[in-house]
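The values are calculated or read from the model by the stated rules, or taken from the named source; none is laboratory data. All figures in this text were calculated on a predicted structure; none of them were measured in a lab. Heads up, the Cβs are rebuilt from the backbone with ideal geometry, glycines too, and the neighbour counts pull from every protein chain shown.
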Number of protein chains: 2
Amino acid sequence: MVHKIAIVGLGKIARDQHLPSIAKNPDFELAAIVSRNAELEGVDHFTTLDDMLAARPDIETVALCTPPQVRRQYAEAAIRAGRHVLLEKPPGATVAEVEWLKNLAAKHGVTLFATWHSRYAQGVEPARAWLADKTIKSVEIVWREDVRRWHPGQDWIWEPGGMGVFDPGINALSILTHILPAPVLVTGAVLEVPENRQTPIAAKIDFVAVTGHTVTADFDWRQEGPQTWDITVKTDAGLLELSGGGSVLRIDGQTQLAADDTEYDGIYAHLAALLASGESDVDIASLQLVADACMLGAISKVEAFIE
Amino acid sequence: MVHKIAIVGLGKIARDQHLPSIAKNPDFELAAIVSRNAELEGVDHFTTLDDMLAARPDIETVALCTPPQVRRQYAEAAIRAGRHVLLEKPPGATVAEVEWLKNLAAKHGVTLFATWHSRYAQGVEPARAWLADKTIKSVEIVWREDVRRWHPGQDWIWEPGGMGVFDPGINALSILTHILPAPVLVTGAVLEVPENRQTPIAAKIDFVAVTGHTVTADFDWRQEGPQTWDITVKTDAGLLELSGGGSVLRIDGQTQLAADDTEYDGIYAHLAALLASGESDVDIASLQLVADACMLGAISKVEAFIE
């Protein structure tokens, strides 16, 4: 059965990732676009979600690709209209609202899928499998990229709820919480907030795993030149390195895998499986770590950021 | 059966509240104090929790009255030693650590009680009962007190994890989440952080209840003179006012109840009931709201606070 799907929010992530992965996947048919301004040639267009929900009862699934600040209201409307919902990351602006949406979806008998695209990078599952029976000694995350390159003109990332550098950083945390066999807890954080902005441009976070080892995270949006998305895990059986955001896996310096980016293909394959089984997949662990880092963190004001 | 209990952290809250309520309650016997510096005449004293756990296997319950930053390690040690644990509020410095402690306690078959003393203010249960069948239109929280009067010399409240004005503010949220019939979600927040401190001295938070009405919270630590701890609820059937931190209840201006403070007596009565039934009571809803407000909130730097 082919699932008709609508995309809400036709911004950069929808165009770069969702459209190509939906086009490639025979389980889905792009049936509508909801966007105030943007249209897509040859696809039914609505300016509001409510209009689409009313006009197209045949569209059973909605992919929310809007900024996180408005995701809850859209998700609520779609769920109450009996539609399945895919949430771009982060799944909401607060943890409590995502937990509540999860309960609401269960009540309405629809699938809610809070996606974490980095978990579908091709080195992630092999890393998880390799770590499962190792004793971990420490983990180091370095996630440094150039905000001007990856978020051009996206003012919402600097508004409250936009998360700032946690927007990419949460990708690392979504991998971390997936590949480690035990939970990690925030023990300290320093958040660097530009004096003209509301959200951090850099963050350093200390964690402890409940099994005892430490984890450090270094998130920075000011890195020009080569970009760094690395997770390094020291174990009793050697060194595991995930780099390139999870697409390259090395163990003790030997490359195990260096794969193309197929993250969103993985997301839509998993969505098809969830729709087939009638299940939801809502893991808030990495969002909770960000909220905890914000509650526990010290704020350091740094120089203004001018895009 | 009388339960032997140890207090860890003999600070202001232990002396002002825990000691008198334990002394009054025939279900408990104060059997030890754990404190680096402070001792209590006639009670067994230990400088470390590990020493107490090793020396006194007969003490089945531990009340953690330390600042929140160190609560997790102590709770973990006590739970792993098979002891029941009472946590002062807030139950931890992060939400994830409290969730993890809850799972750990379940695994070890002991009771974990995350206390919220304001919920035992005598107007709270009548307010909850009255609101249960009303349609709520809006809620206004005003929680303004003088930090110099209530937290003299407590530097930990200004350190990361000390929560600042959320330390009293979470009392209001613990009442709110108890008396309202439906969950509330943070939609916006402004946190005022003194330029020489790490945690907010004031905060304004906007919430929406999932049933649609708004909630506003105004927390401020700079109020001299009369102190304000008020929650006002407008409903279709009249106005409910909880004041004095929950000890005074008025409906449409008519005083229903104006009671003495017996909050900690209520805590120890509930602890006895939990120990008798073998249950835990760990509600993280109000801590989650604070974490969400910190993640979603805008930071505003305000003038230095000198105690």
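When A:Thr199, A:Thr232 are checked against the criterion of being away from chain B (no Cβ under 11 Å) and either farther than 30 Å from A:Trp100 by Cα or buried (at least 17 other Cβ atoms within 10 Å of the Cβ) (or both), A:Thr232 stands alone in meeting it. Can you name the residue in segment B:82-95 that is in contact with a strand residue (DSSP E or B) (Cβ under 9 Å, 6 or more places away or on another chain) and either more than 12 Å from chain A (Cβ to nearest Cβ) or surrounded by fewer than 24 Cβ atoms within 10 Å (Cβ to Cβ) (or both) and, of all such residues, is nearest to B:Met52 (Cα to Cα)? Taking the candidates together, the pick is B:Arg83. Is segment B:247-257 home to any residue that is within 30 Å of A:Gly92 (Cα to Cα), of a type outside the set (Phe, Trp, Tyr) and in contact (Cβ under 8 Å) with a residue 24 or more places away in the chain? Scanning segment B:247-257 turns up no residue that is within 30 Å of A:Gly92 (Cα to Cα), of a type outside the set (Phe, Trp, Tyr) and in contact (Cβ under 8 Å) with a residue 24 or more places away in the chain.
Among residues of segment B:96-123 being among the small types (Gly, Ala, Ser) and outside any strand (DSSP E or B), the one that is farthest from the other protein chains (Cβ to nearest Cβ) is B:Gly123. The numbered conditions (1) within 30 Å of B:Val193 (Cα to Cα); (2) in contact (Cβ under 8 Å) with a residue 12 or more places away in the chain; (3) outside any loop (DSSP other than H, G, I, E, B) are all true for A:Thr232 except (1).
When the residues of segment B:235-256 are filtered to those that are among the small types (Gly, Ala, Ser) and surrounded by 16 or more Cβ atoms within 10 Å (Cβ to Cβ), which remaining residue is nearest to B:Val165 (Cα to Cα)? Walk me through how you get there before you give the answer.
Within segment B:235-256, the first condition is being among the small types (Gly, Ala, Ser), and the residues that meet it are B:237-238, B:243-247, B:253.
Adding the requirement that they be surrounded by 16 or more Cβ atoms within 10 Å (Cβ to Cβ) leaves B:243-247.
Details: B:Ser243: 18, B:Gly244: 17, B:Gly245: 15, B:Gly246: 18, B:Ser247: 21 Å.
My answer is B:Gly245.
Using the structure shown, decide if A:Ala259 is surrounded by fewer than 19 Cβ atoms within 10 Å (Cβ to Cβ), among the small types (Gly, Ala, Ser) and within 14 Å of chain B (Cβ to nearest Cβ). It is false that A:Ala259 is surrounded by fewer than 19 Cβ atoms within 10 Å (Cβ to Cβ), among the small types (Gly, Ala, Ser) and within 14 Å of chain B (Cβ to nearest Cβ). Looking only at residues in segment A:202-214 that are surrounded by 22 or more Cβ atoms within 10 Å (Cβ to Cβ) and more than 10 Å from chain B (Cβ to nearest Cβ), the one that is nearest to B:Ile79 (Cα to Cα) is A:Ile205. What number goes with the only condition from (1) buried (at least 20 other Cβ atoms within 10 Å of the Cβ); (2) closer than 22 Å to A:Lys234 by Cα that A:Glu140 does not pass? Of everything listed in (1) buried (at least 20 other Cβ atoms within 10 Å of the Cβ); (2) closer than 22 Å to A:Lys234 by Cα, A:Glu140 misses just condition (1). Take the conditions (1) in contact with a strand residue (DSSP E or B) (Cβ under 7 Å, 6 or more places away or on another chain); (2) more than 10 Å from every other protein chain (Cβ to nearest Cβ); (3) in a loop (DSSP other than H, G, I, E, B); A:Gly169 misses just one of them, which is (3).
When A:Tyr268 is tested against (1) buried (at least 22 other Cβ atoms within 10 Å of the Cβ); (2) more than 14 Å from chain B (Cβ to nearest Cβ); (3) of a type outside the set (A, V, I, L, M, F, W, C); (4) under 15 Å from A:Gly164 (Cα atoms), exactly one condition is not met: (4).
If you check B:Ala114, B:Ala105, B:Ala129 for being over 27 Å from B:Ala202 (Cα atoms), in contact (Cβ under 8 Å) with a residue 40 or more places away in the chain and small (Gly, Ala, Ser), only one passes: B:Ala105.
A:Gln69 meets the conditions (1) over 28 Å from A:Lys234 (Cα atoms); (2) touching a helix residue (DSSP H, G or I) at 6+ places or on another chain (Cβ under 7 Å); (3) buried (at least 17 other Cβ atoms within 10 Å of the Cβ); (4) more than 14 Å from chain B (Cβ to nearest Cβ) in every case but one. The failed one is (4).
Inspection of segment B:117-125 finds a residue satisfying the criterion of being in the same structural domain as B:Gly169 (by TED's automatic domain parsing), charged (D, E, K, R) and free of Cβ contacts under 8 Å to residues at least 40 places away in the same chain. One residue stands out in segment B:187-216 among those that are part of a strand (DSSP E or B), β-branched (Val, Ile, Thr) and touching a Gly at 6+ places or on another chain (Cβ under 8 Å): the one that is farthest from B:Pro126 (Cα to Cα), namely B:Val193. Restricting attention to segment A:172-183, the residues that are out of contact with any Ser or Thr (no Cβ under 6 Å at 6 or more places or on another chain) and more than 8 Å from every other protein chain (Cβ to nearest Cβ) total 6. Can you tell me which residue within segment A:149-161, out of those that are surrounded by 14 or more Cβ atoms within 10 Å (Cβ to Cβ) and away from chain B (no Cβ under 14 Å), is farthest from A:Gln198 (Cα to Cα)? Residue satisfying both the conditions and the ranking: A:Trp150.
Could you go through segment A:8-29 and let me know if any residue there is in contact (Cβ under 8 Å) with a residue 24 or more places away in the chain and in contact with a Gly (Cβ under 8 Å, 6 or more places away or on another chain).
Here is the first cut: in segment A:8-29, the residues in contact (Cβ under 8 Å) with a residue 24 or more places away in the chain are A:8-14, A:17-18, A:20-22, A:24-29.
Then keep just the ones that are in contact with a Gly (Cβ under 8 Å, 6 or more places away or on another chain); that gives none.
Looking through segment A:8-29, none of the residues is in contact (Cβ under 8 Å) with a residue 24 or more places away in the chain and in contact with a Gly (Cβ under 8 Å, 6 or more places away or on another chain).
Would you call A:Gly164 in a loop (DSSP other than H, G, I, E, B) and buried (at least 19 other Cβ atoms within 10 Å of the Cβ)?
yes
Based on what the data block shows, is A:Glu60 touching a residue at least 12 places away in the same chain (Cβ under 8 Å), under 20 Å from A:Leu287 (Cβ atoms) and among the acidic types (Asp, Glu)? In short, no.
Regarding A:Ala77, is this residue free of Cβ contacts under 8 Å to residues at least 12 places away in the same chain, within 14 Å of chain B (Cβ to nearest Cβ) and touching an Asp or Glu at 6+ places or on another chain (Cβ under 8 Å)? Can you show your working first?
Numbers: free of Cβ contacts under 8 Å to residues at least 12 places away in the same chain: no; within 14 Å of chain B (Cβ to nearest Cβ): yes; touching an Asp or Glu at 6+ places or on another chain (Cβ under 8 Å): yes.
Taking the combined requirement at face value, the residue does not satisfy it.
Of all the criteria given as (1) buried (at least 24 other Cβ atoms within 10 Å of the Cβ); (2) within 12 Å of another protein chain (Cβ to nearest Cβ); (3) β-branched (Val, Ile, Thr), the one not satisfied by A:Val62 is (2). Among the residues of segment A:280-307, those that are in a strand (DSSP E or B) and more than 7 Å from chain B (Cβ to nearest Cβ) comprise A:Asp281, A:Ser300, A:Val302.
Can you tell me which residue among A:Ala127, A:Ala172, A:Ala121 is farther than 24 Å from A:Glu97 by Cα, surrounded by 23 or more Cβ atoms within 10 Å (Cβ to Cβ) and within 17 Å of the chain's Cα centre (by Cα)? Give the steps one after another, and end with the answer.
Numbers: A:Ala127 fails: within 17 Å of the chain's Cα centre (by Cα); A:Ala172 fails: farther than 24 Å from A:Glu97 by Cα.
Matching residue, one of A:Ala127, A:Ala172, A:Ala121: A:Ala121.
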